[in-house]
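Enquirer: Before we start, here is the structure in question, set down as structure tokens.
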Amino acid sequence: MPFRLVVALGALALLVGFLTVDLGAQTVTEAKLLSVTRWHGGDEPAFGGFSGIEVSEDGTSFTAITDRGDITQGRFVRNDGRIAKVAHGALRKLTTPRGVNVRGIWSDSEGLAIAPDGTMFVSFEVGHRIVRYPTGQGRVRNLPKNPATKKMEPNAGQEALAVQPDGAILVIPEGNGSQKAPHRVFRLRPGAKTWEQPFTLPRYRPYVPVGADVGPDGRLYVLERHLSSIFGFTSRVRRFDITGNSLTNETILLQTEVGAHDNLEGLAVWRDADGLIRLTMVSDDNFKFFQVTEIVEYVVPDGAGIGTDHLINTQ
């Protein structure tokens, strides 16, 4: 989601920034940082604002979307397993089911999920909807509308999107950092016309969910962020086991110091050649000169995980 930071950063820093909870004091890190790679777009005016990413099973190629309705595909040039360079193709517009380019309020694409068969799903804010983009010559179509979107904020809606191995779609609204109720997780089963809300995520303010993925281990991974002060963002990744209609074994894998990375919004989870889970994330620079686009990658060691009883609830 675009933060509209031009004026907000200065005001936030003066009025709120130094009163915000110091999340660095409760940082718990189990995932190991492998690489932080600046991604440059040259002279492409559409480059920036990346809000979603998916990575191939072998970690060599990726698909990414921006929050202005553009999509690109590319590859990672790796050195000893670490990302050394990012190469990408041309940015092109996503389309509506009618085959025209998205534009205006209908172009705020936020969440990206790709099913095992290659079908791509993109969630949009403002004009709240989720669009299915099939492989080949299949028809682009909107998924059934979730009635809950009527009460979602224009720029804090269907932000985090994931797809389960059976094709079920999971979406987590972003909301805002002042809300107190647990985060709702909505699900649309394959072939269903009605959304259900089987899960909730414990909320630890002021973090909000901005990205999600179902890993090769079948678990749900959720990327959350918080704009702490003029010193920047702090990010967190939580992991959950999915058991029927329950999310269990909540585990915090990563919680960064303020300013460690830019505005991480997209998350892709995959397994490397050593059998370890990797978390590949992309930052949204909001098309601002004082922010950057970067690809950040962590590896989760075997048996890593910190139970939530080690986490201080900041509510």
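Enquirer: Kindly check whether there is at least one residue in the range 92-109 that is assigned to a strand (DSSP E or B) and under 18 Å from the mean Cα position of the chain (by Cα). Spell out how you get there, then give the answer.
Expert: Applying the first criterion (assigned to a strand (DSSP E or B)) to the range 92-109 yields 92-93, 95, 101, 109.
Now restrict to residues that are under 18 Å from the mean Cα position of the chain (by Cα): 109.
Within the range 92-109 (the criterion being assigned to a strand (DSSP E or B) and under 18 Å from the mean Cα position of the chain (by Cα)), the answer is yes, since at least one residue qualifies.
Enquirer: Specify which of the listed residues (Thr194, Thr243) is more than 23 Å from Ile53 (Cβ to Cβ), at pLDDT 95 or above and hydroxyl-bearing (Ser, Thr, Tyr). Break it down stepwise before answering.
Expert: Working: Thr243 fails: at pLDDT 95 or above.
The match here is Thr194.
Enquirer: With (1) on the phi > 0 side of the Ramachandran plot; (2) surrounded by 15 or more Cβ atoms within 10 Å (Cβ to Cβ) as the list, and Gly136 as the residue in question, which single condition is left unmet?
Expert: (2)
Enquirer: Taking into account only those residues within the range 119-168 that are touching a His at 6+ places or on another chain (Cβ under 9 Å) and of a type in the set (Lys, Arg), which is modelled with the highest pLDDT?
Expert: Lys145
Enquirer: Check off (1) among the hydrophobic types (A, V, I, L, M, F, W, C); (2) at pLDDT below 95; (3) touching a Lys or Arg at 6+ places or on another chain (Cβ under 7 Å) for Val222 and give me the number that stays unchecked.
Expert: (2)
Enquirer: Would you please name the residue that is farthest from Leu161 (Cα to Cα), looking only at residues in the range 73-87 that are of a type outside the set (Asp, Glu) and without any contact (Cβ under 8 Å) to a residue 40 or more places away in the chain?
Expert: Keep residues of the range 73-87 that are of a type outside the set (Asp, Glu), which gives 73-79, 81-87.
When the remaining residues are screened for being without any contact (Cβ under 8 Å) to a residue 40 or more places away in the chain, the result is 73-75, 77-79, 87.
On the way: Gln73: 18, Gly74: 21, Arg75: 22, Val77: 27, Arg78: 27, Asn79: 30, Ala87: 25 Å.
Filtering the range 73-87 for residues that are of a type outside the set (Asp, Glu) and without any contact (Cβ under 8 Å) to a residue 40 or more places away in the chain, the one farthest from Leu161 (Cα to Cα) comes out as Asn79.
Enquirer: May I ask you to list the residues in the range 64-95 that are crowded, with 19+ Cβ neighbours inside 10 Å and hydroxyl-bearing (Ser, Thr, Tyr)?
Expert: The answer is Thr66, Thr72.
Enquirer: Something else: Filter the range 130-168 for residues that are of a type in the set (D, E, K, R) and in a loop (DSSP other than H, G, I, E, B) and give the result.
Expert: Keep residues of the range 130-168 that are of a type in the set (D, E, K, R), which gives 132, 139, 141, 145, 150-151, 153, 159, 166.
Listed by number, the residues that qualify are Arg139, Lys145, Glu153, Asp166.
Enquirer: Restricted to the range 247-263, and to residues that are over 13 Å from Ala31 (Cβ atoms) and among the aliphatic types (A, V, I, L, M), which residue is surrounded by the fewest Cβ atoms within 10 Å (Cβ to Cβ)?
Expert: Restricting attention to the range 247-263, the residues satisfying the condition of being over 13 Å from Ala31 (Cβ atoms) are 247-250, 257-259, 262-263.
Within this subset, residues satisfying the condition of being among the aliphatic types (A, V, I, L, M) are 247, 258.
On the way: Leu247: 21, Val258: 19.
My answer is Val258.
Enquirer: If we keep just the residues of the range 194-236 that are small (Gly, Ala, Ser) and in a strand (DSSP E or B), which is surrounded by the most Cβ atoms within 10 Å (Cβ to Cβ)?
Expert: Only one residue fits best here, namely Gly211.
Enquirer: Would a scan of the range 292-304 turn up a residue that is more than 19 Å from Leu161 (Cα to Cα), polar (S, T, N, Q) and modelled with pLDDT of 95 or more?
Expert: yes
Enquirer: Related question: If I filter the range 118-129 down to residues being assigned to a loop (DSSP other than H, G, I, E, B) and not acidic (Asp, Glu), which single residue comes out as surrounded by the fewest Cβ atoms within 10 Å (Cβ to Cβ)? Don't jump to the end; show me each part of the working.
Expert: Taking the range 118-129 first, the residues assigned to a loop (DSSP other than H, G, I, E, B) are 118-119, 125-128.
Pick out the ones that are also not acidic (Asp, Glu) and you get 118-119, 126-128.
Working: Gly118: 10, Thr119: 16, Val126: 18, Gly127: 15, His128: 19.
Ranking the qualifying residues of the range 118-129, first place goes to Gly118.
The values are calculated or read from the model by the stated rules, or taken from the named source; none is laboratory data. All values reported here derive from a predicted model rather than from experimental measurement. Note that each Cβ is placed from the backbone with ideal geometry, even for glycine, and that neighbours are counted across all protein chains shown.
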